[in-house]
Structures are given as structure tokens and as C-alpha cells.
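To start, the structure itself, in C-alpha cells.
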Number of protein chains: 2
Amino acid sequence: MRVILIGAMGTIGSEVLKSLADRHEVVTAGRSNGDYRIDISQPTSIEAFFRQAGKFDAVVSAAGDARFGELDKLTQDDYLFSLTNKLMGQANLVRIGQQFINDNGSFTLTSGFLAQVPMPGSSAISMVNAGLEGFVRAAALEMKRGIRVNVVSPIWVKETLEAMGWDSSTGMPAAQVARSYVASVEGTMSGAVLDVREIK
Amino acid sequence: MRVILIGAMGTIGSEVLKSLADRHEVVTAGRSNGDYRIDISQPTSIEAFFRQAGKFDAVVSAAGDARFGELDKLTQDDYLFSLTNKLMGQANLVRIGQQFINDNGSFTLTSGFLAQVPMPGSSAISMVNAGLEGFVRAAALEMKRGIRVNVVSPIWVKETLEAMGWDSSTGMPAAQVARSYVASVEGTMSGAVLDVREIK
């Protein structure tokens with residue numbers, strides 16, 4: 001398969017790249033690095049990217065920003081940034097990319113466990129992650145030509161916790177998180193929210 | 001209690017009004033009717049409303065628009081409208097309203113079962129409803145002064161199905177849906193997604 005990976009330089013993305021590169025041709029795209037430039041917050045950038053990327057069988061997104069911060073401190077702009085970037089940015093990869101992807105292709109997006117299990121400061125991220133899962137469940141019903149769409153919901157990544165100087169004992173190594181992305185690309189499910197704890 | 005009800009003219013809102021008015025002072029607000037004008041898609045309108053509404057103990061929102069339509073036909077603007085209106089509009093009632101609400105007050109918002117059980121055409125609505133539930137779960141963790149926040153998730157309302165000329169046999173009468181709003185206002189739960197099928 002020819003797989004487009006967006007966010008290949010991130011903690012999760014770099015492990016997804018390693019996991020996929022053995023068996024597939026992986027094309028990377030990112031805001032500031034990779035084979036192609038893409039800014040997922042801009043629909044025009046997404047469309048321009050797909051127009052030049054050539055034929056592909058899968059899109060994997062390990063990209064998308066959302067703001068963490070106290071409810072009292074987050075601004076309207078912080079929410080709009082989060083909605084435009086991690087939520088609509090990834091939804092638009094599906095909306096726009098479905099016109100370009102090969103038959104029986106797949107889209108795999110990234111949400112996160114804060115969708116269901118919030119923490120103080122996660123109101124924008126929980127909104128975005130849950131919204132993305134709602135979108136994926138619905139969009140899957142309207143995919144044509146055998147196209148599938150799923151979303152991976154990571155828990156805390158061990159390397160991320162270590163980088164922040166937090167207790168990483170409950171974190172999952174990024175290489176293990178990456179297995180859920182491979183399962184989505186190579187599997188047959190659609191409309192699924194893949195809990196990384198359930199993918200071995 | 002003094003309860004602010006937004007969307008009191010709607011199918012659900014009018015039954016919530018009936019259910020609450022016996023036991024509470026209800027102040028209504030809407031885009032084009034009610035005791036006060038409010039456009040929830042505009043944070044400045046929300047703030048102006050709360051500044052003039054006086055003291056209150058509860059906000060109930062049965063308001064907020066989101067676009068229904070085929071994935072191929074919905075535009076970026078349709079999604080942004082939906083995110084700005086039903087999602088951020090209601091989230092902003094909490095974000096802004098928490099500065100004005102009395103101690104131990106409550107916010108009750110409206111999502112919908114399409115968050116979890118989508119149908120073709122619901123991609124924007126499913127996104128918005130699920131996102132709102134994610135927000136409420138998270139925001140509840142940061143409420144101060146005993147303030148609570150919940151979201152009611154209605155199934156199809158019988159009167160709505162009838163108005164559309166659809167089979168209404170599986171719909172729930174709006175008066176029964178209204179019980180979940182009363183349960184949220186008068187109860188003690190917070191961060192809850194109230195499934196109207198579970199509230200008797």
C-alpha cells in the first residue's frame with residue numbers, strides 16, 4: 001500500500017512510521033517537515049496537498065493541536081484554534097481526501113482518552129477528541145468505494161510523560177500505541193474508535 | 001430557584017418550561033422571543049445577556065443549531081456554523097455563565113443520541129453532540145462554588161418526527177424528554193450525560 005502519514009515527526013507518528021515502513025510505501029507530510037508540506041487547519045492546504053501527493057491507499061494522521069488549560073483561562077480563540085486544528089483539520093483530511101483516495105482505502109485519525117476520561121484543564125481537548133470520535137462514527141456510514149475511516153484513541157504515551165518529567169509508569173510506549181494505527185490501516189473495521197489498550 | 005431557559009419556544013424547550021414553571025421562577029431567553037434576547041453563537045451576546053438577567057440558580061439550554069446533510073454536500077461553513085452554534089454556543093453558556101450564576105447553581109445543555117448512534121447525514125451533528133458531551137465531562141471537574149454542569153441527550157422526539165411526517169412510533173414525547181432537564185436542575189449530579197431513556 002501507499003500510505004500517507006501526517007505528523008511523522010511526532011512521538012507517536014515516528015513509531016507509526018517505523019511500524020508501517022517495513023511493509024508499505026510511506027509518504028510523510030507535515031507543517032514543517034516530511035516529503036510534503038501540509039497545514040491541516042487550512043482546507044486549501046489539504047486540497048493542494050492531495051492534488052500533488054499522487055495515488056494513495058491510506059491516510060494516517062498523528063497530527064493536530066488543541067489547547068490545554070484551565071477552564072477559566074482558556075479563551076474563545078483557544079477553543080476555536082482547537083476546533084479548527086485537531087478537530088476540523090482531521091475531519092477535513094477525510095472530507096477532502098475521500099475524493100482522492102483509492103478504492104478500499106482508509107483514513108486513520110487520532111483522538112485521545114481525554115474524550116471519555118477528562119482531567120482539569122482538558123475541556124477543549126476533551127471536546128475536540130470526543131467530537132472527532134462522533135464525526136468518525138458518522139462519516140464511516142457515508143464512505144463510498146469501500147473506503148474506511150477510524151480513529152485511534154491513545155492513552156498517555158510513556159515517552160511524552162518522561163519528556164514532561166511526570167511519572168511515566170502508567171504510560172504506554174509509543175511503539176505499542178503505533179500498533180493500533182497499523183491495525184486500522186491493515187484491518188477491515190470502519191467507524192471504530194480504537195482504544196490502544198485493546199490492541200495487542 | 002430562578003431558572004434561565006434558553007430555547008423555550010422549541011419542541012423540547014416548551015415542555016421544559018411547563019415542567020419547571022410550577023416549582024420555579026423561569027426566565028426565558030431566545031434569539032427572537034422570550035423575556036430576553038440572546039444569540040448563543042456570539043460570546044458578546046451571551047455576556048450581555050447574563051449582565052442584564054440578574055441573579056439565577058440554573059441555566060437550561062434547549063437551543064443550538066447544527067447542520068444535517070450528506071458528507072459530500074456539507075461545506076466547511078456548515079461545520080463551522082455547527083461548531084460555533086450548538087457546540088461553542090452552549091459551551092460558552094457555561095464558560096461565561098459561571099461568572100454570574102449563584103453558588104450551587106447548575107447548567108444543563110442539550111446534545112443528542114446521534115453522538116453515539118449516527119445516521120447518514122449526521123456527521124456535523126454527531127461531531128457537535130459528542131464534542132459537547134466531552135466538554136461537559138471535563139468542565140464539570142473545574143466548576144467552583146458547588147456549580148454543576150450536565151448535558152441531556154434526547155432521542156428522537158415524537159412531536160418532531162410527526163412534524164416531519166416520519167414514523168413517530170419510536171419517538172419519545174417531549175414532555176417525557178423534559179423530565180431529564182428537571183432531573184439535572186433539581187438533582188445533584190454533575191458531569192453527567194443524561195440519556196433520556198434512563199430518566200423516568
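The values are calculated or read from the model by the stated rules, or taken from the named source; none is laboratory data. All figures in this text were calculated on a predicted structure; none of them were measured in a lab. Heads up, the Cβs are rebuilt from the backbone with ideal geometry, glycines too, and the neighbour counts pull from every protein chain shown. Calculation scope for accessible area: heavy atoms of the full protein, side chains included, ligands and nucleic acids excluded. Shrake-Rupley method; radii C 1.70, N 1.55, O 1.52, S 1.80 Å.
Selection within the range A:32-53: residues that are in contact with a strand residue (DSSP E or B) (Cβ under 8 Å, 6 or more places away or on another chain) and part of a loop (DSSP other than H, G, I, E, B). The member of this set that is nearest to A:A8 (Cα to Cα) is A:G34.
The requirement of being away from every other protein chain (no Cβ under 14 Å) and polar (S, T, N, Q) is fulfilled nowhere in the range B:39-50; no residue meets it. Only residues that are hydroxyl-bearing (S, T, Y) and in contact with a Ser or Thr (Cβ under 6 Å, 6 or more places away or on another chain) were counted across the range B:111-142, and they come to 1. In the range B:123-146, of all residues being open to solvent by 10 Å² or more (accessible area, probe 1.4 Å) and more than 14 Å from the chain's Cα centre (by Cα), the one that is farthest from A:V117 (Cα to Cα) corresponds to B:R145. Taking the criterion of being closer than 24 Å to B:I155 by Cα and open to solvent by 100 Å² or more (accessible area, probe 1.4 Å), the only residue of the range B:12-30 that qualifies is B:K18. Would you confirm, using the coordinates I've provided, whether B:L93 is in contact (Cβ under 8 Å) with a residue 24 or more places away in the chain, open to solvent by 30 Å² or more (accessible area, probe 1.4 Å) and either within 19 Å of B:V193 (Cα to Cα) or in contact with a strand residue (DSSP E or B) (Cβ under 7 Å, 6 or more places away or on another chain) (or both)? The answer is no for B:L93.
Pick from the range B:173-195 the residues that are under 13 Å from the mean Cα position of the chain (by Cα) and open to solvent by less than 10 Å² (accessible area, probe 1.4 Å): which of them is nearest to B:L161 (Cα to Cα)? This residue is B:V177.
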